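One structure is given here, and the rest of the page talks about it.
No lab work stands behind these numbers, since they all come straight from the coordinates. Here the structure is a predicted model, which means the values were calculated and not measured. Please note: Cβ atoms are built from the backbone with ideal geometry, for glycine as well, and neighbour counts cover all protein chains shown.
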Amino acid sequence: MLKIENLCKRYGRFQAVNNLNLHIPKGEIFGFVGPNGAGKTTTMKIMCGLLSATSGKVIINDIDVIDKPRALKSKIGYMPDFFGVYDDLKVTEYMEFYASIYDIKGSERKKICMDLLELVDLVDKKDFYVDSLSRGMKQRLCLARSLVHNPDLLVLDEPASGMDPRARVEMKEILRTLRSMGKTIVVSSHILPELSELCTSLVIMEKGQAVMSGTVEEIVKKVYHSQIIRVKVIDKLEETIRVLQEYPNVDGVDTRGENVVEAAFKGDDKFMSDLLIRLVENNIPVVSFNQLDGSLEDIFMKVTASLEE
Ligand SMILES: Nc1ncnc2c1ncn2[C@@H]1O[C@H](COP(=O)(O)OP(=O)(O)O)[C@@H](O)[C@H]1O
Ligand SMILES: [Mg+2]
C-alpha cells in the first residue's frame, strides 16, 4: 500500500527526516512513535502530498506522491495535529463544508455527514457550535471530516493528544472500527503504550530516523534478546522448575508466588510450543503458559538510550 524510500526533509540546514525507509501493507494500523521533534508530522505531511520532500520517494498504491499528489488526494484522509478555530460554524455545517470541498452534493452529502457523525458518536451535538465542543469531541469531529470522501488510507497525526483516558479508549475503538471497514491507518503518538495496544506494526522514530520498525512482537524480540515466559501450575512447582531448567536455551528460572514460575529464554514460537509439550509430557498440571510483553515504554527507553551512546 505505502512505501517510503530514502526520504529526507531539510528545513534550511536542519535535517528533520533523515533517510527514512518504511513499508506499510494494506489493512494495517501502523504507528509512528517518537518524542516531539522526531519528524513524525513532517513525514505524515509528505505522505499526504502537503509538503515536498528534499529527496526520496513516497509511493502509495504504486503512485508516486511526490510526482502526482493530485491523483492521490481522493485516496487519503488526513487529520492534522492542530485543530483550527471555527467561530460561527455548527457541527453539521462544518461537516458539510468539508464534504462540499470534495464535491459531494445534496442528499448524499447529508447522509454521509450524518453517518460519520454517528461513527464518531457526535449525533447529539450536531447543532452545537464547533467551538463549544470539548477537545475530545473536536478531535472526533476532525476525524469524521477526514473521512468525508471515503479514503482508503487514513493519516492521523496524534489523534488522541490531550484527551482524557476515556476519550482515548473511544478514539481507539473508532480506529479499530475503521480498520474493520478495510481502511489502512497510519497514526502517530508520543504516548507509547497506547500505540502498542492499538497498532499492528510500528516504527520508532528519533531525530528523523527510524530506530526500529516491525510488528510490536518483533520489536519486543529485537530489544529483548532474552524473553520471559510465565507458567502457572496447580502443584508440582519443583518439578516444573526442574523441567524448565533442563530445557536448552532457558537461561534462568524464578518463582513468582506459590504456583507461578518465570523462565528467561531465547527462542521463537516453535521453541515455546515445544517447551509446553515437554511440560505436559512430564505430567505438570499447567494452568497457564504465556509470554510476557515488554512494555513499549521500556523498549522505547532502551532503544533511544542506545542511540545516545
Ligand atoms: N516549518 C519548519 N521549519 C523549520 N523547522 C521545522 C519546521 N517544521 C518542523 N521543523 C522541525 O523539524 C523537526 C521535526 O518536526 P516534526 O516533524 O513536527 O516532529 P514531530 O511531529 O515528531 O514532533 C523539529 O525539530 C521541528 O522543530
Ligand atoms: Mg508532530
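Some points to look at:
- Candidate cross-link partners of residue 207 among the aspartates and glutamates, defined by an alpha-carbon separation under 12 Å and a same-chain spacing of 8 or more, comprise 308.
- 3J(HN,Hα) couplings calculated from phi for segment 258-263 with the Karplus curve 6.51 cos²θ - 1.76 cosθ + 1.60 (θ = phi - 60°) are, in sequence order, 5, 10, 10, 10, 10, 10 Hz; Gly and Pro show x.
- Cα gyration tensor of the chain - equivalent ellipsoid semi-axes, whole Å, descending: 44, 24, 17
- Centroid-to-centroid separation of segment 39-101 and segment 253-273 [C-alpha atoms, Å]: 47
- Cα gyration tensor category, rounded, prolate or oblate, for segment 71-119 with a/c compared to 1.5: oblate
- The separation of segment 107-148 from segment 159-189, counted between C-alpha centres, amounts to 15 Å.
- Calculated P(r) of segment 225-293 - Cα pairs past 14 Å, %: 50
- Residue exposure sequence - 78, 247 - by fewest surrounding Cβ within 10 Å: 247, 78
- Checked against a 30 Å cut-off, the cross-linked pairs 125/172; 3/172; 45/183; 45/138; 40/105; 236/266 give Cα-Cα distances beyond that limit for 40/105.
- Here the Karplus curve 6.51 cos²θ - 1.76 cosθ + 1.60, taken at θ = phi - 60°, turns the phi angles of segment 269-278 into couplings of 4, 4, 4, 5, 5, 5, 5, 5, 4, 4 Hz, with x standing for Gly and Pro.
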